[in-house]
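Here is the structure we will look at, set down as C-alpha cells.
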Amino acid sequence: MKVFYRAVHRALVVYRVVRVTICCVEMQRQWGRLLGFGAKDCAASTSREVNFYAAHPQATGFVTEHVAVNFCPFCGRRIEICRVK
C-alpha cells in the first residue's frame, strides 16, 4: 500500500494526502473510518503517519486516539508513505 502526501507550508507545516493506492479490499472498506492518514476527519494534519482511530467516550463527547501502523492489519503488506513535491 502507498500513501502519497504533499507538505503545505503555512505558519505551521501540515501534510495533505494527494492519493492512496489501497492494498486489499478490507483496507478499502476501513480507510477513513478505522484507519487513515494523519488525524481523523482532518484534511491537513501535522502527522505524516497512517493511524488507527479509536474513539473514547468522555463527559463532553469523544476523544480520538491515534496509533501509528506500518503494515496493513488485514493483508500484512507494508504501508509506504511517499512525499510528492
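The values are calculated or read from the model by the stated rules, or taken from the named source; none is laboratory data. What you are looking at is a predicted structure, and each value in this text was computed from that prediction instead of being measured. All Cβ positions, glycine included, derive from the backbone under ideal geometry; neighbour counts span all protein chains shown.
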Discussion item. For the structure I just gave you, tell me whether Tyr5 is surrounded by 12 or more Cβ atoms within 10 Å (Cβ to Cβ) and under 13 Å from Glu80 (Cβ atoms).
Written reply: yes
Worksheet item: Can we say Ile81 is surrounded by 11 or more Cβ atoms within 10 Å (Cβ to Cβ), at pLDDT 90 or above and touching a helix residue (DSSP H, G or I) at 6+ places or on another chain (Cβ under 8 Å)?
Response: no
Worksheet item: Within the stretch 50-58, can one find any residue that is within 18 Å of Met1 (Cβ to Cβ), in contact with a helix residue (DSSP H, G or I) (Cβ under 9 Å, 6 or more places away or on another chain), surrounded by 11 or more Cβ atoms within 10 Å (Cβ to Cβ) and not polar (S, T, N, Q)?
Response: no
Worksheet entry | Elements of type strands (runs of 3 or more DSSP E) contained in the chain, each with 1 or more residues being on the phi < 0 side of the Ramachandran plot and without any contact (Cβ under 8 Å) to a residue 40 or more places away in the chain | 2-9, 13-21, 35-37, 50-58, 61-68
